[in-house]
Amino acid sequence: MSLRTERLLSAPILPTLTRLSAPGLLLVLFQSMVSIGDTYFVSRLGTEPLAGLALVFPLLMLLQMTSAGAMGGGVSSAIARSLGAGETAMARRLVVHALVIAAAMAGGFTILLLAFGRPVYALLGGRGAALEAALAYSDIIFAGAATVWLANTLASVLRGSGNMVVPAVALIGAAVVHVPLSGLLVARIGIAGAAIAYVTTFGIAAAAMAAFVLRSSSALRPQWGDLRLEPRLFREILRVGLISTVSAVQTVLTAVILTGIVGRFGAPALAGYGVGVRLELLQIPLVFAVGQAMVALVGTHVGAGRIERAKAIAWTGAAVACAMSLAIGAAVWLFPLAWVGLFSADPGVLDAGTLYLRIVAPFFPFLALGISLYFAAQGAGQVVRPVLAGTARLAIILAGALLLSIAGMLTLGAIFALIAVAMLAFGALSAWAVALARWVK
């Protein structure tokens, strides 16, 4: 067992969780800068391009969530449990299998979105210039999906070993390059420039992390004998990663359905909702920073048979995540225009974005509770119940939207209230699921 693993098993929980989360939280600040920067640059092009960006955003989040949080969580969990059990050779072999999975998944994203992007965005309410802007952005992003998958998979490999610093440094470096590059390219060639910057900088981050993992002194560097592919090792990653992918799909499908509903109220309402929901979805990487530390810590402890301490880590991490989201929710509830006004002066956009934040922002901590405990369950290798909590959230959205439509009460305010109720249910059910779970080595 490595010295790093021994330290994870014996150090105090909250300081260790804080230390492991800190690089990821710093990364979130820089990646939020990327998202805010792209939104700002595109907003200078007009309302239609901003609406186009809103159309693509849920699918871009799906790309990120499946590669980093879902399948990436499966990778981190498998490696952490292997290292916790002292099986370093298995951890090396898992690196190879993780990269194979990443290549296959990236190919799937590229094929599906290049072939069916137009009908998907049209289904979401994209019309005219907004639809064309969405396609100009989407086609480049998803043609380069491999760079995103490779970067996030290598980051998950390193996080599974307890190394949070190198992934953060690589991805922060990419973000620092992205913002000025995106601003320059958007000014010259339009919304496609933001997509080019996105793919290029993820490629840079992937190359940096690959060099670190493959360096001669790395314990995770695969050897020739590790290149043999084994079904059982694919299963070790996929038994967590595939179920977690269902959770990611549910989260994004919820956003997609809501985007389609809001799109019926016109481009200003769609753009305003897009700006508001972007803040909601930006909390996913914020909680992800704490969550990935939880995956590594919980996985290591479960692998070592330290189940009671693993549960304590889960509840501690959830409390930290909820506190962060509470602070964000309170700030934008009090001053919604401080956020929405960054991106537009259109009265329709300001009204829709403000209404969204006034209704939904107080419920952000329940979103954080559900997501953080989902990551803890990933570390334990038991994600079915937390995924079902996400299923309940989606069901509430679908059933509620249908009932509101039948009753003739499908207003923006009613839709946003439905989002808040579903968020509350998601957090409460996730907490119930983890409280009842019996984690085993």
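A few points about this structure:
- Members of the range 316-326 found to be open to solvent by 10 Å² or more (accessible area, probe 1.4 Å) and either within 15 Å of the chain's Cα centre (by Cα) or touching a residue at least 60 places away in the same chain (Cβ under 8 Å) (or both), listed by number: Thr316, Val320
- Taken over the range 240-265, the criterion of being closer than 18 Å to Ala414 by Cβ and open to solvent by 30 Å² or more (accessible area, probe 1.4 Å) is satisfied by Ile257, Arg264, Phe265.
- Residue in the range 341-363 that is under 24 Å from Leu436 (Cα atoms) and either more than 19 Å from the chain's Cα centre (by Cα) or surrounded by fewer than 24 Cβ atoms within 10 Å (Cβ to Cβ) (or both) present: yes
- Within the range 7-115, helices (runs of 4 or more DSSP H) holding 1 or more residues that are surrounded by fewer than 23 Cβ atoms within 10 Å (Cβ to Cβ): 13-43, 47-64
- Hits in the range 292-314 - residues which are under 23 Å from Pro23 (Cα atoms) and either among the polar types (S, T, N, Q) or free of Cβ contacts under 8 Å to residues at least 40 places away in the same chain (or both): Gln292, Thr300
- Scanning the range 327-340 for residues that are under 24 Å from Val252 (Cβ atoms) and open to solvent by 30 Å² or more (accessible area, probe 1.4 Å) yields a single hit, Ile328.
- Criterion: surrounded by fewer than 20 Cβ atoms within 10 Å (Cβ to Cβ) and in contact (Cβ under 8 Å) with a residue 24 or more places away in the chain - qualifying residue of Ile196, Ile141, Ile237, Ile189: Ile196
- Checking each residue in the range 405-431 for being free of Cβ contacts under 8 Å to residues at least 24 places away in the same chain, of a type outside the set (Ser, Thr, Tyr) and over 21 Å from Thr354 (Cβ atoms) picks out Ile406, Ala407, Gly408.
- Sole residue being out of contact with any Phe, Trp or Tyr (no Cβ under 9 Å at 6 or more places or on another chain), within 29 Å of Leu342 (Cα to Cα) and buried (at least 16 other Cβ atoms within 10 Å of the Cβ), chosen from Pro222, Pro268: Pro268
- For the range 145-184, the tally of residues that are open to solvent by 10 Å² or more (accessible area, probe 1.4 Å), within 19 Å of the chain's Cα centre (by Cα), of a type outside the set (A, V, I, L, M) and closer than 26 Å to Leu114 by Cα stands at 1.
- Residue in the range 273-289 that is closer than 19 Å to Leu20 by Cβ, among the hydroxyl-bearing types (Ser, Thr, Tyr) and either in a helix (DSSP H, G or I) or at pLDDT 90 or above (or both) present: no
- Here the condition is being open to solvent by less than 10 Å² (accessible area, probe 1.4 Å) and not aromatic (Phe, Trp, Tyr); of Ser372, Ser405, it holds for Ser372 alone.
- Meets criteria (of a type in the set (Val, Ile, Thr) and within 30 Å of Gly276 (Cα to Cα)) for Thr16: no
- Residue in the range 123-132 that is over 20 Å from Phe375 (Cα atoms) and within 17 Å of the chain's Cα centre (by Cα) present: no
The values are calculated or read from the model by the stated rules, or taken from the named source; none is laboratory data. In this text, all values refer to a predicted model and were calculated from it rather than measured experimentally. Methodologically, a virtual Cβ is constructed for each residue, glycine included, from the backbone with ideal geometry; neighbour enumeration extends over all protein chains shown. When the accessible area is computed, the model is the full protein with side chains, heavy atoms only, and any ligands, DNA or RNA have been set aside. Shrake-Rupley method; radii C 1.70, N 1.55, O 1.52, S 1.80 Å.
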